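Encoded as structure tokens, the structure appears first; notes follow it.
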Amino acid sequence: MRFTKTQFLPMLAVAGLLAGCSYGPTTPVTRVDREYLSQRCSSAVSEFKDERAGMGKWMHSAYAYAILPSVGAGAIGIGGASGRGEVIRNGNLLGYCKLTQVNIGAQIGGQSFAELILFHDKNALSRFETGQTTFDARATAVAAASGAGTAANYQYGVVVFTLPLDGLMVQAAIGGQHFTFAPAGQ
């Protein structure tokens, strides 16, 4: 694939902006930031439960979960996304997580969505905590809309649900999400 200068420069600018979004700490810096993120995570969990019958049962049977209340994504040829959230086990905060996504292909637009990642067992959570969980959420995510995802199953100990929030993105792209984790209190 060959790009002209007028095609390449906007893609380079988007890639630079997206790369800039991926920097920054995994853990919220101030107490106010941590409280704000916690409130947003709680609200997102409630929205998932409201939007999908049986979500409470999924969450109750999971070993732990990560909730990212708002993941922002954008693309013009090259795309990416980032978001920050919390990792919870038995109602207790284990730590914070950060999602970084990069993809390339035929794509344009911007959107935001919430993402809920359920961990089936301790091994799946351990892989996530050590940065070994990487996947293409578009291939593994299940929409949280009513009735959707009734056939959802864990893959590699993880199941992912997404809840569209805003925007529109058209894409036929390849790429993946990568996660970083920081324990609470660090």
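What number of residues in the range 132-170 are in a strand (DSSP E or B), at pLDDT 55 or above and on the phi < 0 side of the Ramachandran plot?
15
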remark   = Going through the range 53-78 in order, the residues found to be over 20 Å from Q39 (Cα atoms) and touching a Gly at 6+ places or on another chain (Cβ under 7 Å) are A73, G74, A75
ask   = All but one of (1) farther than 16 Å from V158 by Cβ; (2) among the basic types (K, R); (3) within 17 Å of the chain's Cα centre (by Cα); (4) modelled with pLDDT under 95 hold for R40; which doesn't?
value = (4)
message = Checking the structure you have, find out if any residue of the range 103-116 is part of a loop (DSSP other than H, G, I, E, B) and in contact (Cβ under 8 Å) with a residue 24 or more places away in the chain.
response = no
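The values are calculated or read from the model by the stated rules, or taken from the named source; none is laboratory data. The structure presented is a predicted model; accordingly, all values stated were derived computationally and were not measured. We place every Cβ from the backbone using ideal geometry, glycine too, and count neighbours over all the protein chains shown.
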